[in-house]
């Protein structure tokens, strides 16, 4: 976070605080009215805004957690499980939900975390937020197909 190695207790405290803040962002997005795909788009935008506003927290939740040994990986996996649970709602909107692999939500959560981890702290706020349509399309495609995901992602871009 500040360039020096953290003690395990400091890492745990910082991770839990950052995770709690991200959960609030995601819960608020998921509470918005409307279909799942709108809530998912709001969650993506919220996640990117969170990373832009607090790149240290975003890096802690992603890169530092994965580099943090067993405890860090355990915490990262808990984050992925949480996000995957939020994505499961996409199955209800999917015309081919029964064909989706059981691992799709975890894969999408990991993909978004990788995008955030790679960009947090390196990209400007505007650059991070400009990723929203692409990341929304990435998240929606398995559930709604490429054309519909692209159309809906375009609506995301027009609202920003």
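In the condition set (1) in contact (Cβ under 8 Å) with a residue 40 or more places away in the chain; (2) closer than 28 Å to residue 150 by Cβ; (3) surrounded by 19 or more Cβ atoms within 10 Å (Cβ to Cβ), residue 93 is compliant with all but (3).
Can you confirm whether the stretch 19-32 contains a residue that is outside any helix (DSSP H, G or I) and buried (at least 16 other Cβ atoms within 10 Å of the Cβ)?
So far as the stretch 19-32 goes, no, none of its residues is outside any helix (DSSP H, G or I) and buried (at least 16 other Cβ atoms within 10 Å of the Cβ).
In this entry, residue 100 is excluded by the filter for residues that are buried (at least 19 other Cβ atoms within 10 Å of the Cβ), more than 20 Å from residue 47 (Cα to Cα) and more than 13 Å from the chain's Cα centre (by Cα). Filtered by the rule that a residue be touching a helix residue (DSSP H, G or I) at 6+ places or on another chain (Cβ under 7 Å), under 22 Å from residue 133 (Cα atoms) and assigned to a helix (DSSP H, G or I), the stretch 94-116 gives 104, 105, 106, 108, 109, 110, 111, 112, 113, 115, 116. A residue that is within 27 Å of residue 73 (Cα to Cα) and surrounded by fewer than 18 Cβ atoms within 10 Å (Cβ to Cβ) cannot be found anywhere in the stretch 153-160.
FYI, it's all coordinate maths here, none of it is from the lab. Small disclaimer: the values here were computed from a predicted structure and weren't measured. Methodologically, a virtual Cβ is constructed for each residue, glycine included, from the backbone with ideal geometry; neighbour enumeration extends over all protein chains shown.
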